[in-house]
Amino acid sequence: QVQVVESGGGLVQAGGSLRLSCAASRDIFNINAMNWYRQAPGKQREFVATITSGGSTNYADSVKGRFTISRDNAKNTVYLQMNNLKPEDTAGYYCAAVRHLVYWGQGTQVTVSS
């Protein structure tokens, strides 16, 4: 079983940056993938980015070139660096650890003002 806790959300103006963190309760080296999703009010949860245990990354088209996912194995933490934020990035951001099952965090709110 894996517990994940997100942090780093907040209110930022358009064009600004935030870095989200996802701290896992166990070695992320042994977790198949760590993913970020987001959900805006009235919309379905959507994929944002993923990083595998091998270090491969993938992004949603809407965030490519602006968001960067990375990890620190020593801290069991995955990061989502978000640059050039847009109002449409406003959402609850959720971390998910994939290891046999999917383990979700409680989310952190990101609000981008225009």
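The values are calculated or read from the model by the stated rules, or taken from the named source; none is laboratory data. What you see is a predicted model; the values in this text were computed from it and never measured. So basically every Cβ, Gly included, is an ideal-geometry build from the backbone, and we count neighbours across all protein chains shown. Each accessible area value is taken on the protein alone, full model and side chains, heavy atoms only, with ligands, DNA and RNA left out. Shrake-Rupley method; radii C 1.70, N 1.55, O 1.52, S 1.80 Å.
Points worth noting:
- Count of the range 2-36 residues which are in a loop (DSSP other than H, G, I, E, B) and out of contact with any strand residue (DSSP E or B) (no Cβ under 8 Å at 6 or more places or on another chain): 3
- Near pairs, Cβ below 7 angstrom, 6+ apart or cross-chain, from the range 59-70 (of a type outside the set (S, T, N, Q)) to any residue that is open to solvent by 40 Å² or more (accessible area, probe 1.4 Å): 60/46; 60/47; 66/83; 66/84; 67/59; 67/81; 69/57
- Apart from one condition, residue 111 fits all of (1) more than 17 Å from residue 7 (Cα to Cα); (2) touching a residue at least 40 places away in the same chain (Cβ under 8 Å); (3) assigned to a strand (DSSP E or B); the exception is (1).
- Screening the range 34-50 for residues that are of a type outside the set (Gly, Ala, Ser) and in contact with a helix residue (DSSP H, G or I) (Cβ under 9 Å, 6 or more places away or on another chain) and picking the one that is surrounded by the most Cβ atoms within 10 Å (Cβ to Cβ) gives 34.
- Test: residue in the range 61-73 that is open to solvent by less than 50 Å² (accessible area, probe 1.4 Å), under 16 Å from residue 6 (Cβ atoms) and touching a Gly at 6+ places or on another chain (Cβ under 8 Å): no
- Residue in the range 6-29 that is farthest from the chain's Cα centre (by Cα), counting only those that are open to solvent by 80 Å² or more (accessible area, probe 1.4 Å) and over 14 Å from residue 92 (Cβ atoms): 13
- The range 71-90, residues that are closer than 13 Å to residue 20 by Cβ and touching a residue at least 60 places away in the same chain (Cβ under 8 Å): 79, 80, 81, 82, 83, 85
- Selected residue (criterion: nearest to the chain's Cα centre (by Cα)) from residues of the range 35-91 that are within 14 Å of residue 112 (Cβ to Cβ) and among the charged types (D, E, K, R): 38
- Taken over the range 53-76, the residue count meeting the criterion of being of a type outside the set (Lys, Arg) and at pLDDT 95 or above is 13.
- Only one of 14, 49, 24 that is hydrophobic (A, V, I, L, M, F, W, C) and farther than 19 Å from residue 101 by Cα: 14
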